[in-house]
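Take a look at the structure below.
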Amino acid sequence: MTQQRENWSARSGFILAAIGSAVGLGNIWRFPYVAYENGGGAFMVPYLIALIAAGFPLLFLDYVVGQKYRGAPPTAYKRMVKSAEPIGWWQVLVCAIIGIYYASVLGWAGSYVFFSFGQQWGADTEAFFFKTFLQNADTLNFTFVPNLLWSLVLVWLVALFIMFAGVKKGIELSNRIFIPLLVVMFTILVVQSLRLPGATEGLNAFFNPNWSAMADPKVWLAAFGHVFFSMSIGFGIMVTYASYLKRNANLTGSGLVVGFANSSFELLAGIGIFSALGFMAQASGKPVAEVVSGGIGLAFIAYPKIISSMGDLGNIIGFLFYASLTVAGLTSMVSILEVPISAFRDKFGWSRNKAVSIVGGVSAVISILMFSTQNAITFVDIIDNFANNSGIVLGAILSIIWVFWLNRSLIPVLTNHINRISSFKVGKGWVFTLTVITPVALIAALILTLKSLLTEGYGEYPMMTQAIFGWGVVAIFAVGAMLLSSMKHK
């Protein structure tokens with residue numbers, strides 16, 4: 001039985017949900033560090049070029065596939081090209097795996113909201129994070145850590161509650177509340193950070209252009225890679241969200257709003273984070289280069305140090321920072337979970353409640369069992385690296401090959417569909433970027449990634465651990481995609 005597809009109540013609901021998906025944990029801590037490491041102010045040039053040459057074109061492709069073919073990735077791709085269903089399931093499984101570990105980091109951020117009051121991490125923030133909070137084990141150890149267990153259970157309860165409520169009353173309503181809340185909280189955080197002594201020193205480090213870095217191909221790959229990941233494109237989220245749009249929705253107008261809103265938030269994050277790092281540099285008498293760190297190190301080790309050095313003001317800054325992380329992470333997690341839930345509903349005709357119960361319930365159980373243990377950060381680090389750098393990139397490359405290389409008759413069909421209903425028209429430039437520039441950048445990034453993983457491995461983890469939780473995840477994408485595609489509709 002064909003079910004009536006859910007819809008957003010208005011285009012603004014879709015735009016807020018798409019922004020909520022794009023603005024996540026990684027934007028707040030990843031972009032400032034990537035920009036700093038790749039030329040500072042000069043990085044903005046390749047970043048903007050990547051945004052125009054790859055970000056928007058791929059975003060428009062996701063939108064038109066989802067909106068025209070009215071389905072989650074497997075259904076949409078199958079309706080477009082019958083042989084392309086496995087690509088859709090590859091993207092669905094990437095989202096499912098990301099959702100399972102993303103909940104873990106979201107639980108950490110939520111816990112640190114409470115730790116920020118009274119700066120409970122003490123003087124040694126690194127020891128607190130790894131030893132006291134995570135109770136990290138150097139070898140495989142599946143002992144449960146109570147505080148990780150309860151934070152994960154709470155994250156999944158909130159996420160599944162939103163998913164059960166559906167597109168309008170769950171995803172859309174939560175984003176209408178959380179996105180304005182995130183903007184308000186983070187703006188207050190940035191204003192407070194700019195008032196700190198030494199803020200100018202941090203901003204100089206962030207914006208000071210190193211023009212010579214632009215001659216390094218790795219800087220350009222970093223720019224393309226970051227735009228690709230930060231806009232939630234190429235792995236099913238925007239296809240799924242666009243499938244809930246009405247048939248005459250303005251696709252490119254929505255895409256431009258979402259893309260520039262995401263980039264503006266990243267710039268705001270850079271200003272806030274580096275103002276605080278400048279304060280820490282001045283207080284410690286060290287250059288910014290010695291206090292800056294990326295990813296988890298910035299969020300859970302460096303930033304608590306900054307907060308502790310602010311005295312009573314640190315309680316407010318800490319609360320705003322970790323509450324912002326939690327809210328941004330929750331809106332992204334909801335978008336990630338919607339992809340497999342929508343895909344299984346399309347394939348098997350399940351009700352939303354049944355799909356959320358089975359897909360969400362199984363994901364929650366796996367997530368809680370794996371990431372409540374003393375190996376939580378090991379699993380997060382390895383799975384994140386392989387799922388993002390291999391899974392997402394390869395899925396996007398395959399989608400471009402099937403649509404634009406092997407089935408070129410689709411190009412005018414998709415172009416005409418976009419232009420008939422959208423304010424910003426696309427043409428040969430859009431086709432050229434998707435057939436040449438974007439795939440070349442993605443294939444180059446994938447080759448470099450695979451070469452590094454095959455010759456050097458990832459980090460200092462044992463090869464067996466990498467094989468199981470790294471390459472094993474990639475194998476799940478491939479095998480699962482073929483199996484799910486071969487299953488008959490019920």
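The values are calculated or read from the model by the stated rules, or taken from the named source; none is laboratory data. Since we're looking at a predicted model, the values are computed, not measured. Glycine gets a Cβ as well: all are built from the backbone with ideal geometry, and neighbour counts include every protein chain shown. To get the accessible areas, we keep the full protein, side chains included, count just its heavy atoms, and leave off ligands, DNA and RNA. Shrake-Rupley method; radii C 1.70, N 1.55, O 1.52, S 1.80 Å.
Of V239, V257, all but one fail to be more than 12 Å from the chain's Cα centre (by Cα), open to solvent by 30 Å² or more (accessible area, probe 1.4 Å) and not acidic (D, E); the exception is V257. Taking segment 1-34 as the range and being in a helix (DSSP H, G or I) and β-branched (V, I, T) as the test, the residues that pass are I15, I19, I28, V34.
For segment 277-326, a residue qualifies if it is of a type outside the set (A, V, I, L, M), closer than 20 Å to E126 by Cβ and open to solvent by less than 10 Å² (accessible area, probe 1.4 Å), and the qualifying residues are F300, Y303, P304, G314, G318, F321, Y322. Report, by residue number, each residue of segment 260-276 that is polar (S, T, N, Q) and crowded, with 23+ Cβ neighbours inside 10 Å. Of everything in segment 260-276, those that are polar (S, T, N, Q) and crowded, with 23+ Cβ neighbours inside 10 Å turn out to be N262, S275.
How many residues are open to solvent by 10 Å² or more (accessible area, probe 1.4 Å) and touching a residue at least 24 places away in the same chain (Cβ under 8 Å) if we restrict to segment 9-38?
Within segment 9-38, the first condition is being open to solvent by 10 Å² or more (accessible area, probe 1.4 Å), and the residues that meet it are 9-12, 15-16, 19, 26, 29-30, 33-34, 36-38.
Subsequent filtering for residues that are touching a residue at least 24 places away in the same chain (Cβ under 8 Å) retains 9, 11, 15-16, 19, 26, 29-30, 33-34, 36-38.
Total meeting the criteria: 13.
Within segment 309-331, residues that are among the aromatic types (F, W, Y) have Cβ atoms under 7 Å from residues that are open to solvent by 10 Å² or more (accessible area, probe 1.4 Å) and part of a helix (DSSP H, G or I) in these pairs: F319/V113; Y322/V113, counting only partners at least 6 apart in sequence or on another chain.
On the given criteria, is L454 part of a helix (DSSP H, G or I), at pLDDT below 90 and open to solvent by 90 Å² or more (accessible area, probe 1.4 Å)? For L454, the condition - part of a helix (DSSP H, G or I), at pLDDT below 90 and open to solvent by 90 Å² or more (accessible area, probe 1.4 Å) - is met.
Residues considered: F164, F178. Of these, the only one that is assigned to a helix (DSSP H, G or I), in contact (Cβ under 8 Å) with a residue 60 or more places away in the chain and closer than 30 Å to V292 by Cα is F178. Among the conditions (1) at pLDDT below 85; (2) outside any helix (DSSP H, G or I); (3) not polar (S, T, N, Q), the only one that L298 does not satisfy is (2).
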